[in-house]
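Participant: Here's a structure for you.
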Amino acid sequence: MADKRDYYEVLGLSKGASDDEIKKAYRACVKKYHPDLHPDDKECEEKMKEVNEAYECLSDPDKKAKYDQFGFAGVDPSYGAGGGGGFSGFGGFGDMGDIGDIFSSFFGGSSFGGRSSNPNAARRGQDIQTYATIDFMDACNGKKVDIKVNRTESCPDCGGTGAAAGSSAETCSECRGTGYVKTAQRTPLGMISSQRPCTRCGGKGKVITNPCSKCHGSGRVSVTKTVNVSIPAGIDDGQTLQVRGQGHSGANGGPNGDLHVTIQVRPDPIFERDGYDIRTEVPITFTQAVLGDEIEIPCIDGKGKITIAEGTQSGTVFRIRGKGVKRLNRSDRGDQFVTVNVEVPKNLNRNQKELLKKFEESLGEGNYNKRKSFFDKVKDILKSDI
C-alpha cells in the first residue's frame with residue numbers, strides 16, 4: 001500500500017468532499033486521462049485506472065466512510081490479510097468495547113445496542129462505476145463496445161477459501177468456533193456478563209494459519225477483465241447502463257455486484273441532438289431561396305429531401321417526421337428539424353454586380369413585405385416625436 005496515493009489526492013479533492021464535488025472531479029479526470037483521448041499512452045491508461053479505483057471507493061457511501069476512518073485497510077480485502085484477519089490490529093478501541101459490552105447486556109446486541117452482523121453470511125459484491133466514450137452516430141444507432149474494468153474475483157489458487165492449497169481454515173482456539181468471546185465485568189451494578197466478536201478470528205470462528213500466497217488469505221484477488229457491453233440505440237450523453245453481475249465478486253457465496261457504465265457522446269459536426277429530435281442547419285443559395293427548389297439533406301440514417309418554397313426566408317425551419325433518434329426500448333423515433341440559412345454570394349465580378357443592380361431596380365416594395373412593414377413603423381415613430 002505504500003505506493004498507492006490517497007484517493008482524495010488522486011481526484012484533486014480535500015477530505016470530506018461532497019458527493020457532487022466527487023462526481024465533478026471524476027468527470028474532469030475522465031476528460032483529462034481517458035484512453036480514447038490519449039491512444040497508446042500507457043501513463044494516461046494507468047492514471048485512468050487509478051482514477052476509477054478512487055472514484056469507485058469515494059462514490060460509495062459505505063466504502064467512503066470506511067476509507068475515511070481506516071484508510072486502505074477499510075476498503076481493500078488484501079490489505080493486512082492473514083491469520084488474524086479483520087481489524088484486530090486496531091487495539092486502541094478496548095475501552096470503547098468495554099462500554100459497548102455494558103450496553104449490550106441491556107439491549108441484547110453488540111456495542112451500543114446494535115445487532116452484530118454475521119461475518120460468515122453471504123454478502124453481495126460492490127458495484128463498479130466506469131465511463132465509455134462513443135461517437136454520436138453510435139449513440140443513435142447502437143453499438144457493442146469492450147470495456148476494461150478492474151474488479152475483485154474469487155482467488156483461483158485457493159477457490160476463495162483464503163487457505164493455501166492442501167490446507168484449510170482451523171477452528172479458532174480462543175472462541176472455539178463460535179466467533180464470540182464471553183466476558184464478565186464488575187460494575188457499580190454488579191457483575192455483568194456480555195459477549196463480543198472474537199478478536200483473533202474476527203468473529204468468523206475460524207483462523208487461517210497457512211494463508212494462500214496469491215490472495216494473502218483474503219480469498220479474493222484484483223483482476224482486469226474485458227466486458228462486452230451492448231449500447232442500445234437512442235442512448236444519450238450522461239445516461240448510465242447497468243450490466244448485472246459484472247461488478248466485484250461477492251463474499252461467502254454472495255452474488256456479484258453490477259457494472260454501471262455512464263455514456264459520454266462525442267459531438268457531431270453536422271447533427272445536434274435535442275431529446276429524441278435531431279437539429280441541423282443547411283445553407284441554401286440566394287436563387288434557391290427566391291425561386292424555390294427541392295434539396296437533399298443529411299439524416300442520421302442516410303439522406304432525405306425537403307422542398308424549398310419560393311421566397312423562403314433565412315432561418316426557416318422544416319420538420320421531417322420520424323427522422324430523429326430511436327426512443328429507448330421503443331420502435332418509434334423523434335423528428336428532424338432542418339434550419340435553412342440563405343448564403344449571400346461574395347466576390348461578384350463587374351458583370352454580376354450590374355445584373356444584380358438591374359434585378360434590384362426591377363423590384364418594388366411589394367417584393368419586400370418585411371422591409372416595407374419595418375419602415376412603415378419607423379415613419380410612425382418619427383411622426384409621434386414631432
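The values are calculated or read from the model by the stated rules, or taken from the named source; none is laboratory data. Remember, predicted model here, so these are calculated numbers, not experimental data. Cβ placement follows ideal geometry from the backbone for every residue including glycine, while neighbour counts extend to all protein chains displayed. Only protein heavy atoms, including side chains, enter the accessible area calculation; ligands, DNA and RNA are left aside. Shrake-Rupley method; radii C 1.70, N 1.55, O 1.52, S 1.80 Å.
Participant: Please compute P(r) over all alpha-carbon pairs of region 166-248, binned at 10 Å starting from zero, and give each bin as a whole-number percent.
Facilitator: 14, 22, 20, 17, 15, 9, 3, 0
Participant: Right, here's the next one. Which of the listed residues, Gly160, Ser218, Thr187, is farthest toward the dipole's positive end in region 144-272, when Lys, Arg count +1 and Asp, Glu count -1 at the beta-carbon?
Facilitator: Comparing the listed Cα positions along the dipole, Thr187 ranks first.
Participant: Determine the dipole magnitude for region 247-317: charges of +1 sit on the beta-carbon of Lys and Arg, -1 on that of Asp and Glu, nothing else is charged, the reference point is the Cα centre, and the result goes in debye to the nearest 20. It would help to have the intermediate numbers written out before the result.
Facilitator: Working: 5 positive and 11 negative charges, 51 e Å.
So the dipole magnitude of region 247-317 works out to roughly 240 debye.
Participant: What accessible area per residue, rounded to a whole number of Å², is obtained for region 187-274 using a probe radius of 1.4 Å? Please list the in-between numbers first.
Facilitator: Details: 4510 Å² over 88 residues.
It amounts to 51 Å² per residue over region 187-274.
Participant: What net charge do the residues around Thr178 carry, taking every other residue with its C-beta under 15 Å from that of Thr178, with Lys and Arg at +1 and Asp and Glu at -1? Write down the numbers at each step before the final one.
Facilitator: On the way: positive: Arg176, Lys182, Arg196, Arg200, Lys204, Lys206; negative: Glu170, Glu174.
Summing Lys/Arg as +1 and Asp/Glu as -1 gives +4.
Participant: Here's something else I'd like to know. Rounded to the nearest percent, how much of the accessible area of region 283-386 (1.4 Å probe, protein heavy atoms only) is carbon and sulfur?
Facilitator: Working: 4110 of 7930 Å².
Reported share for carbon and sulfur atoms: 52 percent.
Participant: On to the next question. Which order do the peptides 193-202, 41-50 come out in when sorted by mean C-beta neighbours inside 10 angstrom, highest first?
Facilitator: Working: 193-202: 19.8, 41-50: 14.9.
Most protected by this proxy first, the peptides run 193-202, 41-50.
Participant: To continue, here is another question. Taking Rh as the Kirkwood radius, which is the inverse of the mean 1/r over Cα pairs, what is the Rg/Rh value for the chain? Display every interim value, and only then the final one.
Facilitator: Working: Rg = 34.3 Å, Rh = 27.4 Å.
Reported Rg/Rh (Cα atoms, Kirkwood Rh): 1.25.
Participant: Using a 1.4 angstrom probe with every protein chain in place, what is the largest-first accessible-area order of His38, His216?
Facilitator: Numbers: His38 60, His216 95 Å².
Final ranking, largest accessible area leading: His216, His38.
Participant: Return the Cα extents of region 303-358 along principal axes one, two and three, sorted largest first, each rounded to a whole Å.
Facilitator: Ordered largest first, region 303-358 gives principal extents of 60, 21, 17 Å.
Participant: Relative contact order of region 314-356, please, whole-number percent, based on alpha carbon pairs below 8 angstrom and at least 6 residues apart.
Facilitator: On the way: 50 pairs, mean separation 16.2, N = 43.
Over region 314-356, the number comes to 38 percent.
Participant: Suppose we look only past 15 Å in the calculated P(r) of region 247-322. What percent of the Cα-Cα pairs does that tail hold? Please list the in-between numbers first.
Facilitator: Working: 1951 of 2850 pairs.
In whole percent, the long-distance tail amounts to 68.
Participant: Please work through the chain and write down the cysteines that have no neighbouring cysteine Cβ at a distance under 4.7 Å.
Facilitator: Flagged as lacking a Cys partner: Cys29, Cys44, Cys57, Cys140, Cys299.
Participant: Restricting the count to DSSP beta bridges whose residues both fall in the chain, what percent are antiparallel, rounded to a multiple of 5? Kindly include the intermediate steps, with their values, before the conclusion.
Facilitator: Values: 43 of 58 bridges.
Here the share of antiparallel DSSP bridges comes out near 75 percent.
Participant: Moving on to the next point. Can you pull a Stokes-Einstein diffusion coefficient for region 216-345 at 25 °C (0.890 mPa s), Rh from Kirkwood over Cα pairs, as a whole number of µm²/s?
Facilitator: Numbers: Rh = 18.4 Å.
Translational D for this selection: 133 µm²/s.
Participant: Using a simple charge model, +1 on the beta-carbon of Lys and Arg, -1 on the beta-carbon of Asp and Glu, nothing else, what dipole does region 195-242 show about its Cα centre, in debye to the nearest 20?
Facilitator: Working: 7 positive and 2 negative charges, 141 e Å.
The dipole magnitude comes to about 680 debye.
Participant: Three principal axis extents, largest first, for the C-alpha atoms of region 121-177, in Å?
Facilitator: Per principal axis, max minus min of the Cα coordinates gives 63, 23, 13 Å.
Participant: Now, a different point. Nearest 0.05, what FRET efficiency do Ser222 and Glu170 give at R0 = 22 Å with Cβ-Cβ as r?
Facilitator: Details: r = 27 Å, r/R0 = 1.22.
After rounding to 0.05, the efficiency reads 0.25.
Participant: Say the dipole of the chain comes from +1 at the beta carbon of Lys and Arg and -1 at that of Asp and Glu; which of Leu241, Ala122, Ile231 then lies farthest toward its positive end?
Facilitator: Projecting each Cα onto the dipole axis, the largest value belongs to Ala122.
Participant: What is the dipole size for the chain, taken about its Cα centre, with +1 at each Lys and Arg Cβ and -1 at each Asp and Glu Cβ, in debye to the nearest 20?
Facilitator: Values: 55 positive and 53 negative charges, 146 e Å.
Result for the chain is approximately 700 debye, rounded to the nearest 20.
Participant: I would also like to ask the following. Would you please name the trypsin sites (Lys or Arg not before Pro) within region 226-305 that are DSSP coil residues with at most 11 other C-beta atoms within 10 Å of their C-beta? If you can, show how the numbers build up before the last one.
Facilitator: Values: sites: Arg244, Arg273, Arg279, Lys303, Lys305; in loops: Arg244.
Those that pass, being in a loop and sparsely packed, are Arg244.
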